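Read-outs: derived from the displayed coordinates by stated rules, not from any lab. These numbers come from a predicted model, not from an experiment. Counting neighbours? That spans all protein chains shown, and the Cβs are built from the backbone with ideal geometry, glycine included.
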Amino acid sequence: MKRTHRFIAALLIAVSLAVPVAVSAQNISFGVKAGFNLTNTVDKEYIAGSYYKSNLMNAKPGFNIGMMAEVDIIKYFAVRSGLFLTTRGYTTDRYLGVEYNSFNYYLNVPVDFIGKYRFGNVVVSAFIGPSIYYGLWGKTHLYLFSDSTGAFITDVEYKTFADILEAEHEDSRIALNRFDVGLNIGLGAEFTHSIQVGLNYDFGLRNINSPKYKTDNPEIVRQGTLMVTVAWLFLNM
């Protein structure tokens with residue numbers, strides 16, 4: 001319940017950033033946007049008084065899709081937001097007979113502050129802004145192998161966002177918090193007043209690790225997402 005309240009509060013903050021500029025807008029465009037994701041997960045463990053980055057995490061491909069709105073404030077400045085279904089996840093290399101494969105669905109609300117300039121028929125842009133994530137559902141597979149022979153033993157599937165981890169191998173499981181906040185930075189271009197392409201990276205700012213046992217120095221997990229997107233603007237007001 002607390003995580004839901006945090007998401008609602010963050011969503012209200014994002015809306016409060018976008019609404020005042022919309023009131024003074026010169027033009028408002030609505031559209032649909034979709035694209036490719038590549039999630040990078042950084043895992044740091046506390047060992048002997050310091051945090052060390054794990055080299056076991058691998059990037060995970062995925063997708064994003066949703067509705068967007070862009071508000072032109074002045075000639076060279078705009079604000080864009082939307083509501084998207086996006087995926088994030090990770091895989092790991094085998095270590096001590098254990099591998100992980102996680103694939104998760106999030107509700108994503110970015111608020112981008114855009115600087116733009118026209119070159120002929122093309123409008124190029126750069127943008128930066130906050131991004132809010134809320135985990136909807138997801139599955140993580142814990143693969144166990146024999147240390148001696150390397151033979152596959154079993155596949156333990158569990159919910160990524162489970163609040164309480166119960167069942168066998170629970171101490172080996174990695175659970176994630178549903179709520180995350182990022183800083184989105186990217187470049188884009190617009191063609192024919194209706195087609196946009198973009199390339200951005202969303203830097204995860206929160207530790208989304210949800211450890212079973214509370215400690216003074218918990219393991220730190222952060223996720224950043226590279227996105228390549230295409231948008232179609234179908235309505236201008």
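Each other residue within a Cβ distance under 12 Å of G89 adds +1 if Lys or Arg and -1 if Asp or Glu, for a net charge of +3. Each residue of region 133-146 was assigned a 3J(HN,Hα) from its phi angle through the Karplus expression (A = 6.51, B = -1.76, C = 1.60, θ = phi - 60°), giving 10, 9, x, 8, 7, x, 10, 10, 9, 10, 9, 10, 10, 5 Hz with x at Gly and Pro.
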